[in-house]
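Contents: one structure, followed by commentary.
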Amino acid sequence: MQSSLSFSSSYAATTFPLSSPTLPPSNLRLCALPRHSLSTAVSAALSDNGNPPKSFDYDLLIIGAGVGGHGAALHAVEKGLKTAIVEGDVVGGTCVNRGCVPSKALLAVSGRMRELRDDRHLKSLGLQVSAAGYDRQAVADHANNLALKIRGNLTNSMKALGVDILSGFGTILGPQKVKVGSSNNVVTAKDIIIATGSIPFVPRGIEVDGKTVITSGHALKLESVPDWIAIVGSGYIGLEFSDVYTALGSEVTFIEALDQLMPGFDPEISKLAQRVLINPRNIDYHTGVFASKITPARDGKPVMVELIDAKTKEQKDTLEVDAALIATGRAPFTQGLGLENIDVVTQRGFVPVDERMRVFDANGNLVPHLYCIGDANGKMMLAHAASAQGISVVEQVTGRDHVLNHLSIPAACFTHPEISMVGLTEPQAREKAEKEGFEVSVAKTSFKANTKALAENEGEGLAKLIYRPDNGEILGVHIFGLHAADLIHEASNAIALGTRIQDIKFAVHAHPTLSEVLDELFKSAKVKAQASDPVKEPVAV
């Protein structure tokens with residue numbers, strides 16, 4: 001298992017260096033570093049930049065006001081630190097403005113459309129609905145308005161707590177010194193966190209015009225709903241957009257480099273998800289192929305997608321489609337940060353860090369008082385992982401050692417139904433077991449046995465538990481079904497807290513609720529170890 005969690009696997013690796021000649025569109029900018037900083041070498045503004053300052057403007061300075069930077073800033077204030085955050089674009093970063101937030105607005109629409117157009121499902125509930133339609137611009141406005149609202153919420157929450165928001169891209173000049181913007185405004189801080197995030201990766205040979213060949217950032221604007229769209233990559237981003245486009249009437253063709261769709265998911269979950277999310281819908285796919293060249297529509301010609309065999313590189317096919325969405329993962333946005341001023345060399349664009357998010361220099365030594373969180377370090381490219389890493393760093397700089405358990409961080413794909421996961425897949429768990437010499441068991445439960453799911457007529461779903469039968473350790477949980485993204489947190493919290501199956505079996509779940517899917521899952525596990533003694537005496541009521 002790679003240390004970074006896959007958003008797409010159509011190009012085998014999920015994240016890529018920025019050495020590709022294909023630069024991101026000019027309107028795609030990320031936390032604290034506008035695009036023009038990629039080609040601007042910022043030199044030191046002071047003659048003593050190699051020496052740390054004797055006094056500081058702030059206790060903590062965060063470069064990048066995305067979800068990770070925001071989470072770190074709020075926790076820092078709670079801990080009593082004088083905190084500033086540097087932002088060169090808009091507060092919220094990729095997630096809020098060009099990622100997980102507006103995409104959920106579009107997915108909310110796609111979910112409603114599926115419900116309203118599913119005559120069989122509606123009739124089974126005794127409902128009759130006339131033909132459903134949608135207003136494309138109104139749908140796009142819903143996504144944009146949600147992003148604006150959440151951006152405002154994040155900005156106001158930091159201002160209310162006294163976090164200084166410094167406008168301008170941040171460049172590290174030397175130890176504990178950051179230049180903000182194009183002027184000679186140099187800010188000092190005892191500790192610095194890099195939280196600059198990532199941008200969509202566009203492979204060589206693909207020409208993005210922002211209209212007919214687009215990235216996820218363009219797609220979220222929903223400027224059009226093409227009749228036929230090719231989606232390059234069948235990871236999280238590609239799957240979610242296939243859900244949106246097919247619900248709005250598009251035909252979708254997946255292009256996947258590996259031999260199966262959704263290769264980043266547990267294989268059993270992938271198989272079921274393909275049967276429900278792909279096969280019945282207006283979707284076809286090509287696996288084991290690269291999109292070697294994509295040319296935008298122009299002069300009355302459609303978008304041309306040239307496919308080659310992923311292994312032999314032989315020409316396979318050419319597709320003529322109305323649009324193409326590039327969902328091939330994300331690249332760290334770290335150029336122009338001034339890392340050379342502190343002798344830090346990125347690895348495939350990622351800032352090298354240890355398990356405490358402390359940054360390494362080119363010689364493998366830790367750079368004092370410098371940390372990197374989120375997509376920029378590549379450990380786990382999820383917004384909530386960035387926030388958790390930021391909180392962990394704040395714990396450290398305020399005197400409490402803390403190491404984040406990344407295997408306890410959940411992930412979700414917000415299709416209809418949803419997919420969620422935490423921990424290891426079954427193949428990963430069995431590989432680990434073989435190396436370390438322990439046994440692995442698997443328990444499963446179906447949504448068809450859940451009263452609430454049946455009441456909703458949404459019995460299609462599966463929950464899977466991978467565990468150690470000798471001691472009850474939870475190795476991984478994978479869910480496909482109604483509200484899977486909400487259900488996964490009981491499992492992720494159990495892993496984070498070290499709760500064993502023999503203990504969580506005694507947890508009580510309200511009836512009838514979907515949470516009983518997890519209740520039945522844990523109770524079906526066969527663990528040899530006995531339950532632990534209760535932490536507290538029961539309270540009489």
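What does the charge count around PHE290 come to, taking other residues whose C-beta lies under 14 Å from its C-beta (Lys +1, Arg +1, Asp -1, Glu -1)?
Combined, the nearby Lys, Arg, Asp and Glu give -1.
Probe 1.4 Å, all protein chains in place: accessible area of TYR371 in Å², nearest 10?
20 Å²
Can you give me the % of accessible surface on region 207-351 that is carbon or sulfur? Probe 1.4 Å, all protein chains present, nothing else counted.
Roughly 46 percent of what the probe reaches on region 207-351 is carbon or sulfur.
Report the relative contact order of the chain, percent, no decimals, based on alpha-carbon pairs under 8 angstrom and at least 6 residues apart.
It comes to 17 percent, rounded to a whole number.
Please quote Rg/Rh for region 204-283 to two decimal places, taking the Kirkwood radius as Rh and restricting both calculations to Cα atoms.
0.97
Evaluate E = 1/(1 + (r/R0)^6) for LEU497 and ARG117, where r is the Cβ-Cβ distance and R0 equals 41 Å; express this FRET efficiency to the nearest 0.05.
0.45
Using only alpha carbon pairs under 8 Å that are at least six residues apart, calculate the relative contact order of region 410-502 and give it in whole percent.
34 percent
Would you please classify the overall shape of region 70-114 from the alpha carbon gyration tensor, given that a ≥ b ≥ c denote the square roots of the eigenvalues, rounded means a/c under 1.5, and beyond that prolate means a/b larger than b/c while oblate covers the rest?
oblate
Using a cut-off of 19 Å between alpha-carbon atoms, which lysines can reach LYS293, once sequence neighbours fewer than 8 places away in the same chain are excluded?
Counting by Cα, and skipping residues close in sequence, LYS293 has these lysines nearby: LYS211, LYS301, LYS311, LYS313, LYS316.
Roughly how far apart, in whole Å, are the Cα centres of region 61-111 and region 452-500?
28 Å
Mind checking which lysines have their C-alpha under 27 Å from LYS190, skipping anything on the same chain fewer than 8 residues away?
LYS54, LYS79, LYS82, LYS159, LYS177, LYS179, LYS379
Under the rule of -39500 (n - 2.57) per DSSP H run of 4 or more residues, summed and divided by the residues of the chain, what mean residue ellipticity at 222 nm is obtained, to the nearest 500 deg cm²/dmol?
Taking each H run of at least 4 residues, the total per residue is -8000 deg cm²/dmol.
Using the Kyte-Doolittle scale, find the helices of the chain whose mean hydropathy is at least -0.5 and whose Cα atoms extend 27 Å or more along the helix's long axis, counting only whole DSSP H runs.
Span-like helices, by this rule, are 136-160.
Can you give the direction-averaged projected area of the convex hull of the alpha-carbon atoms in region 308-443, in nm²?
Result: a mean projected hull area of 14.4 nm².
Accessible area per residue of region 457-496 at 1.4 Å probe, in Å²?
That works out to 27 Å² per residue.
Roughly what % antiparallel, to the nearest 5, for the DSSP beta bridges in the chain?
60 percent
Report Rg/Rh for region 60-143, rounded to two decimals, where Rg is the Cα radius of gyration and Rh the Kirkwood radius.
Reported Rg/Rh, Kirkwood definition of Rh: 1.28.
First compute the accessible area of region 360-519 with a 1.4 Å probe, then give the percent of it belonging to carbon and sulfur atoms.
51 percent
What is the total of Lys pairs in region 423-505 with C-alpha atoms under 24 Å apart, excluding same-chain pairs fewer than 8 positions apart?
Lysine pairs meeting both conditions in region 423-505 amount to 11.
Kindly sort THR334, THR312 by accessible area of their heavy atoms, largest first, with the probe set to 1.4 Å.
THR312, THR334
On average, how much accessible surface per residue is there in region 314-436, in Å², for a 1.4 Å probe, leaving out ligands, DNA and RNA?
Spelled out: the 1.4 Å probe surface of region 314-436, per residue, equals 39 Å².
State, as an integer percentage, the relative contact order of region 136-239 based on alpha-carbon contacts under 8 Å between residues 6 or more apart.
25 percent
Report the dimensions of the chain along its three principal axes from the alpha-carbon atoms, largest first, rounded to Å.
Cα spread of the chain along its principal axes, largest to smallest: 76, 74, 47 Å.
Taking the Cα atoms of region 238-384 alone, what are Rg (to one decimal) and Dmax (as a whole number) in Å?
Cα radius of gyration and Dmax of region 238-384 are 20.1, 58 Å respectively.
Excluding ligands, DNA and RNA, what is the solvent-accessible area per residue of region 125-259 at a probe of 1.4 Å, expressed in Å²?
About 38 Å² of surface per residue is accessible.
Where does region 386-532 land on Rg(C-alpha)/(2.2 N^0.38 Å)?
Taking N as the residue count of region 386-532, the ratio is 1.10.
I want the local charge near ASN471. Using Cβ-Cβ distances under 13 Å, sum +1 for each Lys or Arg and -1 for each Asp or Glu among the other residues.
Net of charged neighbours comes to -1.
The values are calculated or read from the model by the stated rules, or taken from the named source; none is laboratory data. Everything numeric here is computed off the predicted structure, so don't read it as measured data. Here the Cβ is made from the backbone with ideal geometry for all residues, glycine too, and neighbour counts use every protein chain on show. Remember, those area values only see protein heavy atoms, side chains included, never the ligands or the DNA or RNA. Shrake-Rupley method; radii C 1.70, N 1.55, O 1.52, S 1.80 Å.
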